[in-house]
Amino acid sequence: MALGTIRSYLNNPRVAKAQIAAELSGAGEFNVEAFEIAKDVTPEFLAKHPLGKVPVLEAPEVNLFESSAIAYYAAAQKENNPILGSSAVEKAEILQWILFAENEINAPLGAWVYPLLGYMQYMKPNVDAGTEKTKRALGALNKILESKTYLVGEDITFADIAVVTSLVLGFKTVFDKAFRAEFKNVTRYFTTVASKAVFKKYLGEVELCETPLKYTPPKKEKKPAAQQQQPKKEKKEEEAPLEEPKPEKKAKSKLDLLPPSPFILDAWKREYSNNDTKDAIKWFWEHFDPEGFSIWRVDYKYNDELTQTFMSNNLIGGFYARLERAHKYAFASMIVRGKNNDNTISGYFVIRGQEIPFEIYDAADFESYNFQKIEPSQYEEKKEEIFKYFAWDFEDCVDGKVFK
């Protein structure tokens, strides 16, 4: 029987999750309809699915928008379905692995791979954080699989369907041979489950990555060659030469009048953008000039009023947008830590000079932040914390933005 229509982009492993669950449950089949975000997100679609994301299920009884919910809907068609667990313990363990797949694999793996595929803007700290969080999750999974063939019990359950379909993206794009060698139990588990007929039917033959995706910066457009100057026509004797208006002198920032510094801010920004943060931070401390620049710990004053984490991140973006004049004089890494309805905004600024300049304190949002100067005598004790903020290396870090 038809369970409804799933709408999604093609070859989405999240759709395969629902199809596998349906077939193993003997519940029927889903119709699958190709979906293009650019043209198919219509008012009618948003009326059914306000988040505007895919895959979604449209069925006579229900409209669903989370892939795990769609797959669960299929499995739940069969009463006492063993793939959903045969006891309270198994049911809880299966739910644990569903949440693990969503939070510990899908989210960080997407942060790692989607920018490399061009689906999201590439920001190195985000990608690095996604990479490390993925490795941490796989390390835990690798240890658990030392003595297990399947995650719950002795046969395939919803837990395996959720985890294996979540791992497909990584094994196809960035888990190369050297990477797989670090997580041998995960690799053995994935290839064992993915090679089963029902998984191959919907996932296809998963080709393991040989050359991992790397970020390729976009090529800069070449400026058109300057047009050849036309020879000036001789002025007629009777024509008086016109005096060209003198260009107005731009008002200099007070920071431009400071003594030259050996620490070149643009050079640091390049180091940070093009290298692992653990390597870039070595360059930073080797070249930093505490007389020409200062370091500031920055905290949002109204953290107790923050709600959704994405809104907190938008606050950072709004603050940065009002610091346009400070790009030449400052670098910053600000992050959101915590969870929805319990999060904070904090970070570090590196600023030319020893005071907060007009280019920063003139911003409308400045009064919402507390700037605390880190004195050179404190650098040694603060180095680890500064690194963690530059690398977004906190377990509770959910998002952030870099000003450079």
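The values are calculated or read from the model by the stated rules, or taken from the named source; none is laboratory data. Please read all numbers here as calculations on a predicted model, not as lab measurements. Using ideal geometry, Cβ is built from the backbone for each residue, glycine included, and neighbour counts are taken over all protein chains shown.
The figures follow:
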read-out: Qualifying residue in the stretch 95-102 (condition: part of a helix (DSSP H, G or I), surrounded by fewer than 20 Cβ atoms within 10 Å (Cβ to Cβ) and among the acidic types (Asp, Glu)); value: yes
read-out: Meets criteria (within 18 Å of residue 390 (Cα to Cα) and either surrounded by fewer than 18 Cβ atoms within 10 Å (Cβ to Cβ) or of a type outside the set (Phe, Trp, Tyr) (or both)) for residue 364; value: no
read-out: Some residue of the stretch 294-307 being crowded, with 18+ Cβ neighbours inside 10 Å, within 23 Å of residue 128 (Cβ to Cβ) and under 22 Å from the mean Cα position of the chain (by Cα); value: no
read-out: Wholly within the stretch 290-399, helices (runs of 4 or more DSSP H) carrying at least 3 residues that are of a type in the set (Lys, Arg) and either outside the structural domain of residue 111 (by TED's automatic domain parsing) or in contact with a Gly (Cβ under 6 Å, 6 or more places away or on another chain) (or both); value: 379-391
read-out: Residue list for the stretch 136-159, restricted to those being without any contact (Cβ under 8 Å) to a residue 40 or more places away in the chain and either within 21 Å of the chain's Cα centre (by Cα) or surrounded by 23 or more Cβ atoms within 10 Å (Cβ to Cβ) (or both); value: 136, 137
read-out: Residue in the stretch 48-63 that is modelled with the highest pLDDT, counting only those that are of a type outside the set (A, V, I, L, M, F, W, C) and in a loop (DSSP other than H, G, I, E, B); value: 55
read-out: Candidates 71, 59, filtered to the one that is assigned by TED's automatic domain parsing to the domain that holds residue 31 and under 17 Å from residue 20 (Cα atoms); value: 71
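Yes/no matrix, rows are residues, columns are (1) farther than 26 Å from residue 204 by Cα; (2) surrounded by fewer than 22 Cβ atoms within 10 Å (Cβ to Cβ); (3) touching a strand residue (DSSP E or B) at 6+ places or on another chain (Cβ under 8 Å):
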site	(1), (2), (3)
20	no, no, no
26	no, yes, no
41	yes, yes, no
46	yes, yes, no
63	yes, yes, yes
67	no, no, no
77	no, yes, yes
81	no, yes, no
